[in-house]
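The values are calculated or read from the model by the stated rules, or taken from the named source; none is laboratory data. Please read all numbers here as calculations on a predicted model, not as lab measurements. Here Cβ is always computed from backbone atoms with ideal geometry, including for glycine, and neighbour counts include all displayed protein chains. Only protein heavy atoms, including side chains, enter the accessible area calculation; ligands, DNA and RNA are left aside. Shrake-Rupley method; radii C 1.70, N 1.55, O 1.52, S 1.80 Å.
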Amino acid sequence: MKAPDFDYVRVRSLDEALAALAAHGEGARILAGGQSLVPALNLRLLAPEILVDIGGIADLSGIALADGTIRIGAMTRHADLERSPEIARHVPLLARAVREIGHPAIRNRGTIGGSLAHADPASELPACVLALEARIVARGPSGERTIAASDFFRGLYETALGPDEILVRIEIPAAAAGERFAFHELARRHGDYAMAGIAALARDTGAATLRIAYFGIGSRPMLAAGAAAALRDHGASEAGAAAAVRALGADLEPQSDLQASAALRMHLAGVLLRRALKDLFPDAAGGREEEIA
Amino acid sequence: MARTASRNIGQSIPRLEAREKVTGRAEYVHHLRLPGMLYGKIFRSTVPHARIKSVDVSAAQALEGVYRVVTIDDIREAIPHPYYGPAFHDQPILADGKVRFAGEPVAVVLAADPHIAQEAVGLISAEYEELPAVFDEVEAMSSDVLVHDVLKPAATFPDLKHLAGRTGTNVALDYHLLRGDPEAGFAAADHVFEHTYRSQQVMHIPMEPFVSVADAADGRLTLHTASQSPSFVRIEIARLLGWPENRVRVKVPYLGGGFGGKLYIKLEALVTALSLVARRPVKVALTMEEQFFMVTRHPCTFTIKSGVNKDGTIVARTCKVVWNGGAYADIGPRVTQKAGFTSAGPYDIENVEIHSYAVYTNRPPCGALRGFGAPQTAWAYECHMDEIAEALGMDKVAFRRKNLLQNGRPQATGTIVQDAALEQALDQVADRLNWNEPLDRGDGRIRRGRGIAVGFKGITAPTTSVAIVNLYADGSCGLYISTVEMGQGSDTVMAQIAAEVLDMDAAAIKVVHPDTDVTPYDMGTLGSRSTFHMGTAVRLAAEDARKKIAELARELGLPEGSNLPLPELFRRKYGMQAGNIIGTASFIPKYEKPDAETGHSRNATPFWGVGASGAEVEVDTETGHYRITKLVNVADVGTALNPKLVQVQLSGAGIMQLGFTTTEEMVYRDGQLTNGSLADYKIPTLLDIPPEFINEHVDSEQKDGPFGGKGAGESTTIALSPAIGNALFDAVGVRLTDLPLTPEKIFRALCEANGTPLAGE
């Protein structure tokens, strides 16, 4: 199918973009890399009045480190994250995760801001920013506001962004010495959306700062707070891991779809957690596991 | 046997059309725009089975730019009996009072702008009185829900005549075979095994979706269509219109993939009717999503029972095969019969009974798809073979080899097997898998296994091919055939065959594409038949041309063997560069139709398609995810006339069947397709091809084939699925009976086997 009719404007500045949003309200959609929006249009899942293309706003892209924080412009492409030495050094979880996003052609066009604003529950980056305690900066008519990643994802394709706001950048605390991460996903095909995935981060060598985020499980990316608490209490021993896996039952709301049943997803969440713990705490959890590709 | 002396046969001549294709200049129907042409967009049923109470087209008709909205009532004005189909005249050009599957065409909007037509489709509404529906083939066998009130077989297949007028059934065709005394065989056997296996509904996904253009004017009709069977289209359209064949012209340029989908008659009846109604050329081009409602592969439930002696000899086998044909028969009855007669597998079994049923259901129609039913039957009989070998504690290759049909022995129909390199193919796969070496199976979470399977298929018969070789006055050559170049390389191979006879270079021959005003009859580009059937016709036509050259030389008084160049002969005959030499030939292989009661035939197939496959897998027992680390396909293609083209045929069919094995399935909820787009219906990508992917042919010869050749397009679809299913069993000890082989099914089966079943789906 082809997209329904829509108007299109390519804006030169954020102010112009905000003006377009103000004029069209819910009828406007921001076009960033177009890797989710354009297929959704072609499948006629969306029928916006106007697309506001922000690809021409130069100062929306780029990666910068200052005061222990990495700032990533919303229009930064996945491929740029993949190739960035700053990301590799200061946000290695992100560097690992972007490799799993679709295929090179998709990574060349898709953007981090687009992925977060689209909030597909099976996408990698929303879960990563949850684990990373990122701050998401939005610009609206009354200026900028900062939203904690944990407050950002509200539901299926639903975020805290207002219809008059644009996601402009993501701020992530740079990795401290001793920081560890784990990232795993299971998909039916190479490069496909995850049927279950985990992104986990520990700011130090213990479990006290552990944050565990899931994607591809429920209707939005989710933090497994109960599982993390169980690990804080029991450590990453076998007992801790078992308690954490049990806690997932209350943390997650797995859903059934064509790729997997809810019951399988809940099981996979536990498997992925144990694998993540082995990456994060190899001594406590008995070393890394063998993998199939 | 490789003929190293030939500059054509056995050579990997590059595709004649390669440059045209890679430079984007190749001609496809999608590119075609005729002056005054209208585009048709289809309004489809949203319910699987219903009486149509009303269709409101007024809002669509009122939209600016809409030329006309057409329903079956309008079509009747042009075609009084608007029902078509190759086996049954059961499919209305547009829904006629009833709809029989969700997605069935109900009305068409015509407009000069396809986008306006599409928008207008959204303004049409229909009121339905919903009827109970039946979707499962086994249920449909005995259901009170009837998809059709009365059976309407086409006259083209004389063996379906007895079905005419039959009522109160969903069974469109039943095929039976009886050999020996199976009951006595089972009674005497040491062991009896019975299993049921299922194949799912899948679709062809040609990258070029269905497209047809009709241009009817002044009592003549030209169809430009993406069809695998232009000759059949002409015959069927002429029948629908009551016109002689010579008023219907069917042209087919290149095809962007067919795989059996674009066979017989598809959009052609609709565009013809629309063009007659509108008195303008009309084009209908489906979207990728609409293709799911055109034609698909039969789901199949197959119960197979074998009596086996302690030494591994299979002494009796019964097969009950039920084919889900969907709402319209298409070529399903042929699939039922052709795949039916080989459904006991390529084994030498004394007592065999086969019952094969084509059944109507309220799903999109099912037809031919690369293998013509053989992949569904092999999925069952080759998993069954492994289960028996496992129970007997026999090596799985040895068990097969012990029972394999040898050349010179009768197949279940009684046809003596000839030129079927079954054992060679099986052995070559075993060799590539290092079958006799131990495998590192792993002892932890990751387990490895390997599996093997072999199968065969009969070829649709009897079918005819006609070829014309036209030698022009300068000695150059045109080859006129209705074989459709759809990516398989037929232009190149046919040119190679003609060139071999005429002592020319294949690349110098112009292959004229199907145009029924110009190119002669061919039954269709289907079922691995072109190399054997058309290849033979081309060889004979080229020989006929040579004979005529010799006659001309004699007529000119030249001594035998004077070998004067052809242009010189023409000049001597006509006094200038003028004239033609036209060689023609037709070919129809020997065939005896099966006996209606016993299914016996002394000539059931022109040749045997043979494929064996092997797979190595590793399975993550914690998740059910698996990876095929090695996939081997070996086919018997006779002499490989063009080894490179054989190679791509084998690998292409293998990748296609890999998708049908691992990820592809049309999923329904209450008769509604839930994954009818490539976003949700997952076909393999290049990155999903196993790291070791070996495709080979055995060293063999089809003695009555052109230069020893035979078909290659389907061979690797046959045994691939069971090879993978058997490898999974070998790795983790659970047997999956239903395709596709998903991680969830594997994990659930593992949980079941461990006594800790996973909660419901």
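Given the criterion in a loop (DSSP other than H, G, I, E, B), under 24 Å from the mean Cα position of the chain (by Cα) and on the phi < 0 side of the Ramachandran plot, identify the matching residue among B:Met486, B:Met504.
Every option except B:Met486 fails the conditions.
Give me a count of the residues in segment B:575-601 that are touching a Phe, Trp or Tyr at 6+ places or on another chain (Cβ under 7 Å), surrounded by fewer than 19 Cβ atoms within 10 Å (Cβ to Cβ) and at positive phi.
Selection size over segment B:575-601: 1.
Looking only at segment B:745-760, count how many residues are within 14 Å of chain A (Cβ to nearest Cβ) and free of Cβ contacts under 8 Å to residues at least 12 places away in the same chain.
Looking only at that region, the number is 7.
Is it the case that some residue within segment B:291-299 is more than 14 Å from the chain's Cα centre (by Cα) and among the charged types (D, E, K, R)?
No, there is no match, as no residue in segment B:291-299 is more than 14 Å from the chain's Cα centre (by Cα) and among the charged types (D, E, K, R).
So that you can scan it fast, the table gives a plain yes or no per residue for (1) open to solvent by 30 Å² or more (accessible area, probe 1.4 Å); (2) closer than 30 Å to A:Ala3 by Cβ; (3) modelled with pLDDT of 95 or more:
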position	(1), (2), (3)
B:Leu221	no, no, yes
B:Val250	no, no, yes
B:Ser275	no, yes, yes
B:Pro281	no, yes, yes
B:Glu289	yes, yes, no
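Of the residues B:Lys320, B:Lys305, B:Lys310, only one is assigned to a loop (DSSP other than H, G, I, E, B), touching a residue at least 12 places away in the same chain (Cβ under 8 Å), not aromatic (Phe, Trp, Tyr) and not assigned by TED's automatic domain parsing to the domain that holds B:His89; which?
None of the others qualify; the one that does is B:Lys310.
Just name the residue that is farthest from B:Asp704 (Cα to Cα) out of those in segment B:615-625 that are in a loop (DSSP other than H, G, I, E, B) and touching a Pro at 6+ places or on another chain (Cβ under 9 Å).
Ranking the candidates gives B:Thr623 first.
When you check B:Lys644 against the structure, is it among the basic types (Lys, Arg) and either buried (at least 16 other Cβ atoms within 10 Å of the Cβ) or not assigned by TED's automatic domain parsing to the domain that holds B:Pro743 (or both), yes or no?
Spelling it out, it is not the case that B:Lys644 is among the basic types (Lys, Arg) and either buried (at least 16 other Cβ atoms within 10 Å of the Cβ) or not assigned by TED's automatic domain parsing to the domain that holds B:Pro743 (or both).
Mind checking whether some residue in segment B:615-627 is away from chain A (no Cβ under 11 Å), surrounded by 17 or more Cβ atoms within 10 Å (Cβ to Cβ), modelled with pLDDT of 95 or more and within 26 Å of B:Gly256 (Cβ to Cβ)?
No, segment B:615-627 contains no residue that is away from chain A (no Cβ under 11 Å), surrounded by 17 or more Cβ atoms within 10 Å (Cβ to Cβ), modelled with pLDDT of 95 or more and within 26 Å of B:Gly256 (Cβ to Cβ).
Here is a yes/no grid of residues against (1) under 24 Å from the mean Cα position of the chain (by Cα); (2) assigned by TED's automatic domain parsing to the domain that holds B:Gly367; (3) modelled with pLDDT of 95 or more; (4) closer than 16 Å to B:Thr303 by Cα:
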| residue | (1), (2), (3), (4) |
| --- | --- |
| B:Asp174 | yes, no, no, yes |
| B:Gly180 | no, no, yes, no |
| B:Phe186 | no, no, yes, yes |
| B:His191 | no, no, yes, no |
| B:Glu194 | no, no, yes, yes |
| B:Tyr197 | yes, no, yes, yes |
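Pairs, please: C-beta under 6 Å, at least 6 apart or cross-chain, first residue modelled with pLDDT under 95 and in segment B:581-593, second of a type in the set (A, V, I, L, M)?
Within 6 Å, the pairs are B:Tyr591/B:Ala461.
If you go through segment B:230-241 one residue at a time, do you hit one that is assigned to a loop (DSSP other than H, G, I, E, B) and either open to solvent by less than 40 Å² (accessible area, probe 1.4 Å) or on the phi > 0 side of the Ramachandran plot (or both)?
no
Listed residues B:Ala612, B:Ala653, B:Ala604; which is surrounded by 23 or more Cβ atoms within 10 Å (Cβ to Cβ), away from chain A (no Cβ under 13 Å), within 23 Å of the chain's Cα centre (by Cα) and part of a loop (DSSP other than H, G, I, E, B)?
B:Ala604
If you check B:Gln672 against the conditions, is it within 30 Å of B:Ile588 (Cα to Cα), touching a residue at least 40 places away in the same chain (Cβ under 8 Å), assigned by TED's automatic domain parsing to the domain that holds B:Ala374 and not basic (Lys, Arg)?
So B:Gln672 does not fit the description; no.
Go through the residues of segment B:371-386 one by one and say whether even a single one is assigned by TED's automatic domain parsing to the domain that holds B:Pro333, open to solvent by 10 Å² or more (accessible area, probe 1.4 Å) and not in a loop (DSSP other than H, G, I, E, B).
No, because not a single residue in segment B:371-386 is assigned by TED's automatic domain parsing to the domain that holds B:Pro333, open to solvent by 10 Å² or more (accessible area, probe 1.4 Å) and not in a loop (DSSP other than H, G, I, E, B).
Would you check if B:Ala467 is touching a helix residue (DSSP H, G or I) at 6+ places or on another chain (Cβ under 8 Å), more than 21 Å from B:Cys319 (Cβ to Cβ), open to solvent by less than 40 Å² (accessible area, probe 1.4 Å) and not aromatic (Phe, Trp, Tyr)?
Yes, satisfied.
Residues being more than 14 Å from chain A (Cβ to nearest Cβ) and part of a loop (DSSP other than H, G, I, E, B): count how many of those fall in segment B:656-684.
2
Got a number for residues in segment A:174-197 being surrounded by 18 or more Cβ atoms within 10 Å (Cβ to Cβ) and either over 20 Å from A:Arg107 (Cα atoms) or of a type outside the set (D, E, K, R) (or both)?
Summing the residues that are surrounded by 18 or more Cβ atoms within 10 Å (Cβ to Cβ) and either over 20 Å from A:Arg107 (Cα atoms) or of a type outside the set (D, E, K, R) (or both) in segment A:174-197 gives 14.
Among residues belonging to segment B:720-744 that are more than 14 Å from every other protein chain (Cβ to nearest Cβ) and part of a loop (DSSP other than H, G, I, E, B), point out the one that is farthest from A:Ser261 (Cα to Cα).
That would be B:Gly733.
Within segment A:35-49, track down each residue that is away from every other protein chain (no Cβ under 13 Å), open to solvent by 40 Å² or more (accessible area, probe 1.4 Å) and touching a residue at least 24 places away in the same chain (Cβ under 8 Å).
A:Glu49
Inspect segment A:23-31 for any residue being small (Gly, Ala, Ser) and within 13 Å of chain B (Cβ to nearest Cβ) and give the result as yes or no.
no
For every residue, the table says whether it meets (1) closer than 21 Å to A:Tyr157 by Cβ; (2) within 14 Å of chain B (Cβ to nearest Cβ); (3) open to solvent by 10 Å² or more (accessible area, probe 1.4 Å).
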{"residue": "A:Gly216", "(1), (2), (3)": "yes, yes, no"}
{"residue": "A:Leu223", "(1), (2), (3)": "yes, no, yes"}
{"residue": "A:Ala239", "(1), (2), (3)": "no, no, yes"}
{"residue": "A:Pro254", "(1), (2), (3)": "yes, yes, yes"}
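With part of a loop (DSSP other than H, G, I, E, B), assigned by TED's automatic domain parsing to the domain that holds B:Thr483 and modelled with pLDDT of 95 or more as the only criterion, which of B:Thr536, B:Thr519, B:Thr531 stands out?
B:Thr519
Which of the residues belonging to segment A:198-211 are farther than 28 Å from A:Ser36 by Cβ and either open to solvent by 40 Å² or more (accessible area, probe 1.4 Å) or within 14 Å of another protein chain (Cβ to nearest Cβ) (or both)?
Listed by number, the residues that qualify are A:Arg203, A:Asp204, A:Thr205, A:Ala208, A:Thr209.
From the list B:Val511, B:Val518, which one is closer than 17 Å to B:Ile468 by Cβ and either open to solvent by less than 20 Å² (accessible area, probe 1.4 Å) or of a type in the set (Ser, Thr, Tyr) (or both)?
Among B:Val511, B:Val518, only B:Val511 is closer than 17 Å to B:Ile468 by Cβ and either open to solvent by less than 20 Å² (accessible area, probe 1.4 Å) or of a type in the set (Ser, Thr, Tyr) (or both).
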